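Each remark here refers to the structure printed beneath this line.
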Amino acid sequence: MKKQKSLGSIILGLLVAALVWFLKERGIITDEQASTWSSGGGQSELSKGEVEVARLSPVREQGAGLELLQDCQLILGRNNDGDSFHVRHGNRESEFRLYFVDTPESQFKTYRGGESNGERLAEQGRYFGGLAQEATTEVGRAAKVFVKRLLEGSSFKVLTKWEDVYGPDRQYGFVIVPWEGSEVYLHELLVAKGLARIHTRGADLPQGRSWRKQKDFLKTLEKESKSRKLGAWGISGSH
């Protein structure tokens, strides 16, 4: 009976994967929707694991030259991922990338000219203890779905100095989200859950913590998530 149930689950999984591939190839659903469908639309096992608010920094909304944007809304269908997403604030739209963190790529991509994101995936996999490409993209998809579910359908806040990310189309920022009845910084939550590496530009926090001290704090969060084998740190082969 157990073997029959297992076989049935495998067949069902293959049918879902085939349907998602067909709909994506026909342009009926987006890559983001395909990732969500493939993960069951729910919380990935990789994004589970409780993170207590007491472990994270107290949120402050003023200082360090940061502008506060309130009542922000996530804009869907714009190639959002775990660390970069389109936001509507007031009558404007902007794309923000999180300070301090980088979530893995959610899929292998080949670009025009023959280049790909394979090297970046390999670098991300090495960071998490030598993950294979498939495992690395699994973490990326988990982070993407986790952030989407966290931001979608609710308002959140952004702190930014409008610093460009390689060009004028994206700006760095801190994102403030509700978590367990309090407000927390999203980049800290991602590190604490083992869904992001400490990488890219940092900035001073409003409560007076310098970017260097914040980076050290993130390393402390990472050390604990690693010891608890959360997120990427819990995948076989990670150490």
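Each reported figure results from applying straightforward, stated rules to the coordinates on display, with no laboratory input. Only a predicted model underlies this, so the values are computations on that prediction, with no experimental measurement involved.
Just a few scattered comments:
- Convex hull of Cα atoms in segment 45-234, direction-averaged projection (nm²): 10.7
- Once the Cα-Cα distance is subtracted from the 0.36 nm per residue extended length, the Ala54 to Thr110 segment shows a gain of 16.0 nm.
- Computed from backbone phi, the HN-Hα couplings of segment 108-121 come to 6, 10, 10, 9, 4, x, x, 6, 8, 9, x, 5, 5, 4 Hz, rounded to whole numbers (Karplus: 6.51 cos²θ - 1.76 cosθ + 1.60, θ = phi - 60°; Gly and Pro given as x).
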